[in-house]
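Trainee: Here it is: the structure, laid out below.
The values are calculated or read from the model by the stated rules, or taken from the named source; none is laboratory data. Keep in mind that what you see is a predicted model, and the values were worked out from it rather than measured. Here the Cβ positions follow ideal geometry from the backbone for every residue, glycine too, while neighbour counts run over all protein chains shown.
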Protein chains: 2
Amino acid sequence: MKKFLNSVDTVLTESLDGFVAAHSDILALGDEHKFVRRKALKPGKVALISGGGSGHEPLHGGLVGHGMLDAACPGQVFTSPTPDQMLAAVQAVDTGAGCLFIVKNYEGDVMNFDMAAEMSEGVLQVVTNDDVAVENSSYTTGRRGVAGTLVVEKIVGAAAEQGMALPELKALGDRVNGATRSMGVALTSCTVPAAGRPTFEIGDNEMEFGVGIHGEPGRRRDALKSADAIAEEVCAAIVGDLGERAKGPALLFVNGFGGTPSMELYLMYNSARKIFERSGVRVIRSLVGSYVTSLDMAGCSITLTMLDNEMTVLWDAPVHTAALRWGM
Amino acid sequence: MKKFLNSVDTVLTESLDGFVAAHSDILALGDEHKFVRRKALKPGKVALISGGGSGHEPLHGGLVGHGMLDAACPGQVFTSPTPDQMLAAVQAVDTGAGCLFIVKNYEGDVMNFDMAAEMSEGVLQVVTNDDVAVENSSYTTGRRGVAGTLVVEKIVGAAAEQGMALPELKALGDRVNGATRSMGVALTSCTVPAAGRPTFEIGDNEMEFGVGIHGEPGRRRDALKSADAIAEEVCAAIVGDLGERAKGPALLFVNGFGGTPSMELYLMYNSARKIFERSGVRVIRSLVGSYVTSLDMAGCSITLTMLDNEMTVLWDAPVHTAALRWGM
């Protein structure tokens, strides 16, 4: 295992310490590293809280700040955060207008966020499940929540910043999730620090098609194909799943898994954009970069969100987080 | 070689097409992919032009926009751009106030930018050489220009945006470069698409200490050490080279080489910050991310710029590029 670390036991806390120190103008750390929170809260605003296993940075801690999340609870690498983390976050950032949890659809995450929601008052939840690759998976009943979660967090975060009430935010989050589809491809495995070896074996000329963000199996193992051929199949799966809805304005988000450089991501974006536009999608907003990662895995995912006018305006609204920033 | 590509001959142009399409609100592409330019020029402003071999994205194209570069000329992967690229860029973005070339110190880059400068009027140059690892290297006489180049581009770009004249911009650029030191460590090699195999061999438990951004040899090959031990030695090299100047306010920039995830970069930032602060450096500005990359190389570099008040204000000034954005 080749990583910059001191001890596998302290990777997470040391990284969080560095992260919050580097962004101390906007972020603060909860006791015992239970959560990362927005430094300046906005009284009367619904608090948005997300979280999940670590190893997907900048998701979610890098999306805490003005116009997005109020707090993020980092579990150990690829391990759900515990309910006491979410309870501590609620206590720290709920200013009285209630909380919305944004949860990726993994059994552990759903269970632990559910438990925290039951023990709190005034909490609603949005569960994301944008991954069209497979129904049910290693850690999931139903579809997995992957890179589309960022889109939900951005759009719902903007609405919360503008004063939208809790039930409407939950409805908006469900609507954005419902308009979003993703699928990913891995060229290499990731290596979890505590395991010390690759999560899965993969041949020199193979790819995992439809991979999950923890290295879960996708649709199949296949020979590595050209970028265009990969994009064709991923886009077809997304468009096929969206059906009639795959027409008109959309956000195209090409996401790197951590080990893939931006040159390749923009090349994939170029392929995917042409393919989507041939089928009637009009790409009016774009995001390209490594935002929902799987440690050091080489690979990428393609996410498409069909946009209506409200969603577009909210996507464009000012945001100031460690990883996403515009308009301020 | 495991990369998202269609053909090694078209990697660069396809990636540039995707890049400019994704950022068409601020960028435009020159004919024959000769340069990436700022869409909206500011008449009367000195034009900042940089460039170099591709494979270091987002440097330099991702740094074109308000408050930074006016144009960037991408050579083939790890290959200098040709003088006709810079001449075409000058023609496209010089609005009459002259041009400043910002050039990383590699023999090919220096030669080709020199040639273009001689064939133009009103061009001055800043050559960056922030890498303390080695004097003279595979492609360099003197020290290499590496991640510190981004700092020069940001600070000089802000001053140009505010109307500073060409000779003062050149002096400022030289001053920022003179206040900046970097050094990098590689855990794996990169793979140039046209070569199809790793640039160098490296053992499972080895690191290249002082590596260049094309995979050039550094100070030595060594056993992989802890993050703290690596940071200790890199920071000592930087502080030792700065000498008396290594006291007071500074920008700490931890840069990933393309294959290293942000969790590890923030962990390295955490180590480096503590070490620098023990020796009297006060970290008042931070940047952590993969900005000056070497394709898919795993590794990182540490850059320290000693800040005065003018430089700090210019660092904070609004910027709107694909890779760096704040204040607007």
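Trainee: Within the range B:179-192, can you find the residues that are more than 10 Å from chain A (Cβ to nearest Cβ), in a loop (DSSP other than H, G, I, E, B) and of a type in the set (A, V, I, L, M)?
Mentor: B:Ala179, B:Val192
Trainee: Looking at the range A:193-203, can you tell me whether even one residue there is surrounded by 24 or more Cβ atoms within 10 Å (Cβ to Cβ), touching a residue at least 40 places away in the same chain (Cβ under 8 Å) and either more than 14 Å from chain B (Cβ to nearest Cβ) or more than 16 Å from A:Ser138 (Cα to Cα) (or both)? Can you show your working first?
Mentor: To start, the set of residues in the range A:193-203 that are surrounded by 24 or more Cβ atoms within 10 Å (Cβ to Cβ) comprises none.
The answer is no, given that none of the residues of the range A:193-203 is surrounded by 24 or more Cβ atoms within 10 Å (Cβ to Cβ), touching a residue at least 40 places away in the same chain (Cβ under 8 Å) and either more than 14 Å from chain B (Cβ to nearest Cβ) or more than 16 Å from A:Ser138 (Cα to Cα) (or both).
Trainee: Being within 11 Å of chain A (Cβ to nearest Cβ) and within 15 Å of the chain's Cα centre (by Cα) is the filter here, so list the residues in the range B:289-298 that pass it.
Mentor: Of all residues in the range B:289-298, those within 11 Å of chain A (Cβ to nearest Cβ) come to B:289-291, B:293-298.
Correct list: B:Gly289, B:Ser290, B:Tyr291, B:Thr293, B:Ser294, B:Leu295.
Trainee: Sticking with this one: Can you tell me which of A:Lys225, A:Lys170, A:Lys274 is among the charged types (D, E, K, R) and assigned to a loop (DSSP other than H, G, I, E, B)? Quick ask: steps written out before the conclusion?
Mentor: Details: A:Lys170 fails: assigned to a loop (DSSP other than H, G, I, E, B); A:Lys274 fails: assigned to a loop (DSSP other than H, G, I, E, B).
Exactly one residue qualifies, and that residue is A:Lys225.
Trainee: May I pose another question? Which residues, counting only those in the range B:128-154, are within 17 Å of B:Gly75 (Cα to Cα) and surrounded by fewer than 22 Cβ atoms within 10 Å (Cβ to Cβ)?
Mentor: B:Tyr139
Trainee: I've got another one for you. If I go through the range A:86-135 residue by residue, how many of them are in contact with a Lys or Arg (Cβ under 8 Å, 6 or more places away or on another chain) and farther than 30 Å from A:Ile302 by Cβ? Outline the logic, then answer.
Mentor: Step one: filter the range A:86-135 for residues in contact with a Lys or Arg (Cβ under 8 Å, 6 or more places away or on another chain), giving A:88-89, A:92-93, A:95, A:97, A:100, A:104-106, A:124-135.
Filter once more, keeping what is farther than 30 Å from A:Ile302 by Cβ: A:88-89, A:92-93, A:95, A:97.
Going through the range A:86-135 one residue at a time, the tally reaches 6.
Trainee: Okay, next question. Does at least one position in the range A:254-263 carry a residue that is surrounded by fewer than 20 Cβ atoms within 10 Å (Cβ to Cβ) and either part of a strand (DSSP E or B) or more than 8 Å from chain B (Cβ to nearest Cβ) (or both)?
Mentor: The initial filter retains those residues of the range A:254-263 that are surrounded by fewer than 20 Cβ atoms within 10 Å (Cβ to Cβ), namely none.
The answer is no, given that none of the residues of the range A:254-263 is surrounded by fewer than 20 Cβ atoms within 10 Å (Cβ to Cβ) and either part of a strand (DSSP E or B) or more than 8 Å from chain B (Cβ to nearest Cβ) (or both).
Trainee: Within the range A:270-279, can you find the residues that are among the small types (Gly, Ala, Ser) and either farther than 20 Å from A:Asp130 by Cβ or within 12 Å of another protein chain (Cβ to nearest Cβ) (or both)? Let's see the steps before the verdict.
Mentor: To start, the set of residues in the range A:270-279 that are among the small types (Gly, Ala, Ser) comprises A:271-272, A:279.
Residues satisfying the conditions are A:Ser271, A:Ala272.
Trainee: Here's another thing I want to ask about it. Could you list all residues from the range B:302-328 that are outside any helix (DSSP H, G or I) and within 12 Å of another protein chain (Cβ to nearest Cβ)? Can you show your working first?
Mentor: Of the range B:302-328, the ones outside any helix (DSSP H, G or I) are B:302-308, B:317-328.
Matches in the range B:302-328: B:Ile302, B:Pro318, B:Val319, B:His320, B:Thr321, B:Ala322, B:Ala323, B:Leu324, B:Arg325, B:Trp326, B:Gly327, B:Met328.
Trainee: On the given criteria, is B:Leu267 at the interface with chain A (Cβ under 10 Å from one of its Cβ atoms), of a type outside the set (S, T, N, Q), under 20 Å from B:Gly184 (Cα atoms) and surrounded by fewer than 24 Cβ atoms within 10 Å (Cβ to Cβ)? Full working, then the answer.
Mentor: On the way: at the interface with chain A (Cβ under 10 Å from one of its Cβ atoms): yes; of a type outside the set (S, T, N, Q): yes; under 20 Å from B:Gly184 (Cα atoms): yes; surrounded by fewer than 24 Cβ atoms within 10 Å (Cβ to Cβ): no.
Taking the combined requirement at face value, the residue does not satisfy it.
Trainee: So, A:Leu242, is that one aliphatic (A, V, I, L, M), more than 22 Å from B:His23 (Cα to Cα) and more than 10 Å from chain B (Cβ to nearest Cβ) or not?
Mentor: On the way: aliphatic (A, V, I, L, M): yes; more than 22 Å from B:His23 (Cα to Cα): yes; more than 10 Å from chain B (Cβ to nearest Cβ): yes.
Judged against the criteria, A:Leu242 is a match.
Trainee: Would a scan of the range B:189-200 turn up a residue that is closer than 23 Å to B:Leu69 by Cβ and more than 20 Å from the chain's Cα centre (by Cα)?
Mentor: From the range B:189-200, those closer than 23 Å to B:Leu69 by Cβ are none; that's our starting set.
Within the range B:189-200, none of the residues are closer than 23 Å to B:Leu69 by Cβ and more than 20 Å from the chain's Cα centre (by Cα).
Trainee: Quickly run through the range A:1-51 and pick out the residues that are closer than 16 Å to B:Asn270 by Cβ and of a type in the set (Lys, Arg).
Mentor: Answer for the range A:1-51, where residues must be closer than 16 Å to B:Asn270 by Cβ and of a type in the set (Lys, Arg): just A:Lys3.
Trainee: Please go through the range A:1-20 and pick out each residue that is more than 7 Å from chain B (Cβ to nearest Cβ) and among the polar types (S, T, N, Q).
Mentor: To start, the set of residues in the range A:1-20 that are more than 7 Å from chain B (Cβ to nearest Cβ) comprises A:1, A:7-10, A:12-13, A:16, A:20.
Passing the criteria: A:Ser7, A:Thr10, A:Thr13.
Trainee: Let me ask something else. Go over the candidates A:His56, A:His23, A:His33 one by one and state the one that is over 25 Å from A:Thr199 (Cα atoms), facing chain B (nearest Cβ under 10 Å) and modelled with pLDDT of 95 or more. Steps first, answer last, please.
Mentor: Working: A:His56 fails: over 25 Å from A:Thr199 (Cα atoms); A:His33 fails: facing chain B (nearest Cβ under 10 Å).
So the residue among A:His56, A:His23, A:His33 that is over 25 Å from A:Thr199 (Cα atoms), facing chain B (nearest Cβ under 10 Å) and modelled with pLDDT of 95 or more is A:His23.
Trainee: List every residue pair whose Cβ atoms sit under 8 Å apart, with the two residues 6 or more apart in sequence or on different chains, where the first one lies in the range A:217-228 and is in contact (Cβ under 8 Å) with a residue 24 or more places away in the chain and the second, anywhere, is β-branched (Val, Ile, Thr) and surrounded by fewer than 16 Cβ atoms within 10 Å (Cβ to Cβ).
Mentor: No pair meets every condition.
Trainee: Please go through the range A:144-169 and pick out each residue that is closer than 14 Å to A:Asp316 by Cβ and of a type in the set (A, V, I, L, M, F, W, C). Before you say what the answer is, go through the steps one by one.
Mentor: So in the range A:144-169, the residues closer than 14 Å to A:Asp316 by Cβ come out as A:151, A:154-155, A:157-159, A:161-162.
Passing the criteria: A:Val151, A:Ile155, A:Ala158, A:Ala159.
Trainee: Just one of the numbered conditions (1) polar (S, T, N, Q); (2) more than 9 Å from every other protein chain (Cβ to nearest Cβ); (3) touching a strand residue (DSSP E or B) at 6+ places or on another chain (Cβ under 9 Å); (4) surrounded by fewer than 24 Cβ atoms within 10 Å (Cβ to Cβ) is not true of B:Ser286; which one?
Mentor: (2)
Trainee: Which condition breaks for B:Ala323 when tested against (1) surrounded by fewer than 19 Cβ atoms within 10 Å (Cβ to Cβ); (2) more than 19 Å from B:Asp131 (Cα to Cα)?
Mentor: Every condition holds for B:Ala323 apart from (1).
Trainee: When you go through A:Ser50, A:Ser15, A:Ser24 one by one, which is the residue that is assigned by TED's automatic domain parsing to the domain that holds A:Val110, in a helix (DSSP H, G or I) and polar (S, T, N, Q)? Break it down into steps so the answer makes sense when it comes.
Mentor: Numbers: A:Ser50 fails: in a helix (DSSP H, G or I); A:Ser24 fails: in a helix (DSSP H, G or I).
After applying the criteria, what remains is A:Ser15.
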